[in-house]
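Novice: Below is a structure I'd like to ask you about.
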Amino acid sequence: MLKIERLNALLKEKKMSRRQLEREAGLGTGTISRWRTNSPSIANLQKVADVLGVSVGYLSGEEDATTSFPAVRIPVLGEVPCGIPTAAIEYVEDWEEISEEMSRTGSYFGLKVKGDSMSPRIQEGDVLIVRQQDQAESGDVVIVRVNGESATCKKYIRHDDGIVLQSFNPAYVPMFFSRSQIDELPVQIVGIVVENRQKFH
């Protein structure tokens, strides 16, 4: 069970709105408000705990101390286009922090978004927190390289005869790659987007 007063205190401390927390935790609008009457799942509570840098036990009232996890710095590697794939620029231009607990689940890096193909959910200037891996489930938001030199952010959809890289913005045409194209170009998954940190200034 979530202790709303503890959540509100953390939001005030971090100067974060509920909507911003929902976005960064990958939750739908109004999800947290509904937790006043419906208990959140452990998985969703863990997502919120990761963003806030505290334990699930603290949010649920089982622990008295916040027991914040030490922050781990990860590099932000230039910009990833959300639009037509272009050359990926991989140099460290900034740093973000994730909890030590999250860092133990894989290797992470940040990428700065450029373009509007993933709007309104992902906006230009946002920083995506990416877990490095070369496999994805259908429906995941991924960072993918095309032809070894390009990188883009798209929703990954698997089909029997290939894959589709889908934009959230309907103005962009889905990109289909056959099984042979995936191997020949190649089309390679770089990582899975696990968090979106929106920048307002």
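The values are calculated or read from the model by the stated rules, or taken from the named source; none is laboratory data. Nothing here was measured: the structure is a model prediction, and the numbers come from that model. Note that each Cβ is placed from the backbone with ideal geometry, even for glycine, and that neighbours are counted across all protein chains shown. These accessible areas exclude ligands, DNA and RNA; they are computed on the full protein's heavy atoms, side chains included. Shrake-Rupley method; radii C 1.70, N 1.55, O 1.52, S 1.80 Å.
Novice: What residue among Pro75, Pro186, Pro120 shows peak mean-square fluctuation when the chain is described by a Gaussian network model with Cα springs under 10 Å?
Specialist: Pro120
Novice: Calculate the FRET efficiency for Glu62 and Gln132 from the Cβ-Cβ distance with a Förster distance of 35 Å, rounded to the nearest 0.05.
Specialist: Once rounded, the FRET efficiency stands at 0.60.
Novice: Only Cα pairs within less than 10 Å get springs; with that Gaussian network setup on the chain, which residue of Glu22, Glu97, Glu13 has the largest fluctuation?
Specialist: Glu13
Novice: Could you size up the charge dipole of the chain around its Cα centre, putting +1 on the beta carbon of Lys and Arg and -1 on that of Asp and Glu, and report it in debye to the nearest 20?
Specialist: 780
Novice: Could you pull the Cα extents of region 114-171 along its three principal axes, largest to smallest, in whole Å?
Specialist: 33, 25, 20
Novice: At 1.4 Å probe size, with the rest of the protein present, what percent of the exposed accessible area of the chain is carbon and sulfur atoms?
Specialist: 49
Novice: Follow-up question, since we're still on this one. How much solvent-accessible surface does Lys3 expose, in Å² to the nearest 10, with a 1.4 Å probe and all protein chains in place?
Specialist: 80
Novice: Over the chain, calculate the relative contact order: mean separation of alpha carbon pairs under 8 Å at least 6 apart, over the residue count, as a percent.
Specialist: Answer for the chain is 18 percent.
Novice: Could you sort 35-42, 126-133, 46-53 so that the peptide with the highest average Cβ count within 10 Å comes first and the rest follow in order?
Specialist: Going by the mean number of other Cβ atoms within 10 Å, highest first, we get 46-53, 126-133, 35-42.
Novice: Here's another thing I want to ask about it. Do any GluC sites (Glu not before Pro) in region 125-201 lie in a DSSP loop with no more than 14 other beta carbon atoms within 10 Å, and if so, which?
Specialist: Glu137, Glu149
Novice: Take the Cα pairs of region 1-42, get the Kirkwood Rh, then feed it into Stokes-Einstein at 25 °C and 0.890 mPa s and tell me D in µm²/s.
Specialist: This corresponds to a translational diffusion coefficient of 231 µm²/s.
Novice: Restricting things to alpha carbons, find the Rg to Rh ratio for the chain using the Kirkwood radius for Rh.
Specialist: 1.00
Novice: Only Cα pairs within less than 10 Å get springs; with that Gaussian network setup on the chain, which residue of Ala171, Ala136, Ala151 has the largest fluctuation?
Specialist: Ala171
Novice: Same structure again: Could you compute how much accessible surface Phe168 exposes when probed at 1.4 Å, giving the result in Å² to the nearest 10?
Specialist: Only protein atoms counted, so the area is about 60 Å².
Novice: If you don't mind, another one. Heavy-atom accessible area per residue, region 117-165, 1.4 Å probe: how many Å²?
Specialist: Ligands and nucleic acids excluded, the figure is 46 Å² per residue.
Novice: By DSSP, what percent of the beta bridges with both residues in the chain are antiparallel, rounded to the nearest 5?
Specialist: 90
Novice: While we're on this one: Would you list Met102, Met175 from the most to the least accessible area, probe 1.4 Å?
Specialist: Of Met102, Met175, the descending order of accessible area is Met175, Met102.
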